[in-house]
Every structure is written in structure tokens, then in C-alpha cells.
Amino acid sequence: MIVAENLARTYDMGKVIVHALRGISLTIQKGEFVGIMGASGSGKSTLLHLLGLLDKPTGGQIMLGGIDVKTLSDRKRTRFRLKRLGYVFQDYALVPELTVEENVYLTSMIRGTSKEEYQAQTLAILNRIGLADRLAHKHNELSGGQQQRVAIARAMVNKPEILFADEPCANLDSESSRNVLDLFRQINREMAQTIVMVSHEDWHMEYFDRVIILRDGLIISDGKPPEEFYQKGCNYS
């Protein structure tokens, strides 16, 4: 599903060169729920942005679904992202003038999906996440947790092959964070959805199948969460 080899990213800050990633190799299989963790500045978001085609590496190779993305033109990268990938960020990024329904089907409209199809898809995903009764609401009529669930629905409506989430709980309280993570885990298990999520909270590990820990742009650990976290409190079987 995802294969990265010797992935590097440097930033030229004038007199200073910042080595955000220093040659990372990893493989993520279809259906895995993978957490990327590490201290601030370790390279977590940089890695997610490279894997999600939101940035380009300085060196190395990324294969997504068997495609070497380095060979794609900018236009084809954009189409690839739109058709095959989904994104959830910490700031929700909802369009304030639009209703919940309109925010969710916006990307489907951009893809050229028919109105009948994108409205049906939108209702289906909002039913799944428990927000079908909020179709006509706008963002200022929703809690932070509800807004993030709308963002998840928007990312999922086109049935992406991979869902990328960059600290999606950063602006939420503990209860809302757990609700969002419960939803991610449910989507992962019921839909075999591949999810790659950046987090800095240790307790989030109980939701991940696997945790990749970075330090100074390198992978220092890659495997199952510690036993005390693994699948603790989760039961969607």
C-alpha cells in the first residue's frame, strides 16, 4: 500500500539547512491503523505530508498502491490526491458559509461526481458517523468534536484508499478526542480503511495497530504499541 525508501527532506532556511527527515524507510500495509509519534520537531508532520503527497521529498522514493509518485506531474499528483487519498487536519478546515452536507460533498463536486451520487454518498457517511440530523447546520452550530467528525466524513465520502490524519485531536478535549478516535477505529475495522495518523499523546497508542516513533528525522522504533496500550478499551469486533 505505502512503501517509502530512504526518504529525506531538507529545508533551506537561508544560513541554516534543516534536515527534517534523514533517510526513512517503511512499509504500511492495506488496512493498518498506524500512528506516527515523536517529540516536537522529530519529523512527524513532514513524513505525513510526504506520504500524503502534500510535499515533495528532497531524496528517496515513495510508492503508493504500486505507483512511483515521483513520476507523476503536478496535475496528476493533484488528481491522485483527490481520487485516492483523504485528509483530516487539526483545524477542521470547514467552509463557514456551507452547511454540514455541503462541506462533506464539496470534494465530490470537484471530482465531477453526479449530484444524485454525491448526495447519496454524503447521507450514507453522515449516517455512519451519527451526524445525519445535522445536515443543514453550519460550523458555528457544532461542537469542536462534531466539526472534526464532519471533516472525517468529508475525507471518507470518496472512499479513499488511504486516510491521513495530522494531529486530528489537538484542538479537542479528552472526551471529544476519544469520540474521534473511536470513530477512526470503527472506520478502520468495519471498512478495512488504511489510516496513518500523527499524534503526540501516549494514550492514543491504545487505538493503533502499530506505532512508528521518530526522533531527529529518523525512525527509532516501529512496531506494536506497548501491551498496556494495545487495543485497551476498544471493542468493535
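Brief remarks on what is shown
- 0 to 90° range, to nearest 10: angle between helix 174-191 axis and the chain longest Cα axis: 90
- For the chain, the longest principal axis of the C-alpha atoms and the axis of helix 115-128 are separated by about 80°.
- Inverse mean reciprocal Cα-Cα distance (Kirkwood Rh) of the chain, Å: 18.4
- Whole-number percent relative contact order across the chain, with pairs defined as alpha carbons under 8 Å at least 6 apart: 28
- To the nearest ten degrees, helix 100-111 and the longest principal axis of the Cα atoms of the chain are 60 degrees apart.
- The range 1-141 shape via C-alpha gyration tensor axes, a/c threshold 1.5: prolate
- The range 117-189 and the range 21-38 have Cα centres lying 23 Å from one another.
- Karplus (6.51, -1.76, 1.60) ³J(HN,Hα), θ = phi - 60°, over the range 71-82, in Hz, Gly and Pro reported as x: 7, 7, 5, 4, 5, 5, 4, 4, 5, 4, 4, 5
- Listed by chain and number, the lysines whose alpha-carbon sits under 26 Å from that of Lys15, ignoring those within fewer than 8 places in the same chain, are Lys44, Lys56.
- Projecting the Cα positions of Met197, Gln119, Phe208 onto the charge dipole of the chain (unit charges on Cβ atoms of Lys, Arg, Asp and Glu, taken about the Cα centre) puts Gln119 furthest along the positive direction.
- Taking the Cα centre of the chain as origin and assigning +1 to Lys and Arg Cβ atoms and -1 to Asp and Glu Cβ atoms, the resulting dipole is close to 880 debye.
- Nearby lysines by direct alpha-carbon distance to Lys159 (threshold 20 angstrom, same-chain neighbours under 8 apart not counted): Lys30, Lys76, Lys83, Lys115
- Cβ crowding within 10 Å averaged over residues, with 90-99, 51-60 ranked highest first: 51-60, 90-99
- About its Cα centre, the dipole of the range 86-187 is roughly 240 debye, where the only charges are +1 on Lys and Arg Cβ and -1 on Asp and Glu Cβ.
The numbers here are math on the coordinates, done by the rules we state, and not lab data. These numbers come from a predicted model, not from an experiment. Every residue, glycine among them, receives a Cβ derived from its backbone with ideal geometry; neighbour counts consider all protein chains shown.
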